[in-house]
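In what follows, a structure is listed as structure tokens, so that the remarks can point back to it.
The values are calculated or read from the model by the stated rules, or taken from the named source; none is laboratory data. Computed from a predicted model, the values in this text were never measured in an experiment. Using ideal geometry, Cβ is built from the backbone for each residue, glycine included, and neighbour counts are taken over all protein chains shown. Quick note on the areas: whole protein, heavy atoms, side chains included, nothing else; ligands and nucleic acids left out. Shrake-Rupley method; radii C 1.70, N 1.55, O 1.52, S 1.80 Å.
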Amino acid sequence: MKPTDAELIRAAFKARSFAYTPYSHFKVGAALLAKNGMVYTGCNIENAGYTPTNCAERTALFKAVSEGVTEFTDIAIVGSLDGKKNTLVTGPCGVCRQALYEFCGPRLRVLMAKSENDYIETTLGDLLPYGFGPTNLEIEPGAD
Ligand code: THU
């Protein structure tokens, strides 16, 4: 059965507890709902070299894709400094918007949550207008 928004947000909070953030101390959790009903969670994983850091959203996405799951309907995201309550919602960074767009397209529901019942609901299309995706690379019928 499809999880409720609150359940998806709860899963994101649980994933956040595993965030590895010795450098920024900003912990993020994401829960990505696949069309098949499975939920894939992820946390941010930082690195002493800084650039190899992986965001929570991409951790969740790559876990799913690496298991053969490529269709998604919703993602819940929570983030805040370690030990602090979030005053702002955490939106996916630009790189994660692009990574998600590849598989989810503009219709993905994005829940940016402060708590299970305090969240902003938007779509990937609103967060990444005119997104560049697989269809942009398709050869148009009749072209050339
Ligand atoms: N971060 C995420 O995991 N997701 C986002 O959408 C925003 C940023 C992480 C990356 C880094 O570990 C920390 O938050 C501070 O930028």
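Within the range 1-46, the set of residues being near the ligand (Cβ under 9 Å from one of its atoms) and over 13 Å from the mean Cα position of the chain (by Cα) comprises ALA19, TYR20, THR21, TYR23, SER24, HIS25, PHE26, LYS27, ILE45, GLU46. Inspection of the range 52-62 finds no residue satisfying the criterion of being farther than 25 Å from ALA6 by Cα, loosely packed, with under 13 Cβ neighbours inside 10 Å and in contact with a Phe, Trp or Tyr (Cβ under 8 Å, 6 or more places away or on another chain).
Could you tell me which of the residues THR73, THR90, THR135 is closer than 24 Å to SER24 by Cβ and either open to solvent by 60 Å² or more (accessible area, probe 1.4 Å) or touching a strand residue (DSSP E or B) at 6+ places or on another chain (Cβ under 7 Å) (or both)? If you could, list the steps in order and put the result at the bottom.
Details: THR73 fails: closer than 24 Å to SER24 by Cβ; THR135 fails: closer than 24 Å to SER24 by Cβ.
Every option except THR90 fails the conditions.
Considering (1) touching a helix residue (DSSP H, G or I) at 6+ places or on another chain (Cβ under 6 Å); (2) within 13 Å of the ligand (Cβ to nearest atom), the lone condition that GLY49 does not fulfil carries the number (1). Set side by side, the residues CYS104, CYS43 differ, and just one is without any contact (Cβ under 8 Å) to a residue 60 or more places away in the chain, within 25 Å of THR135 (Cα to Cα) and touching a helix residue (DSSP H, G or I) at 6+ places or on another chain (Cβ under 9 Å), which is CYS104.
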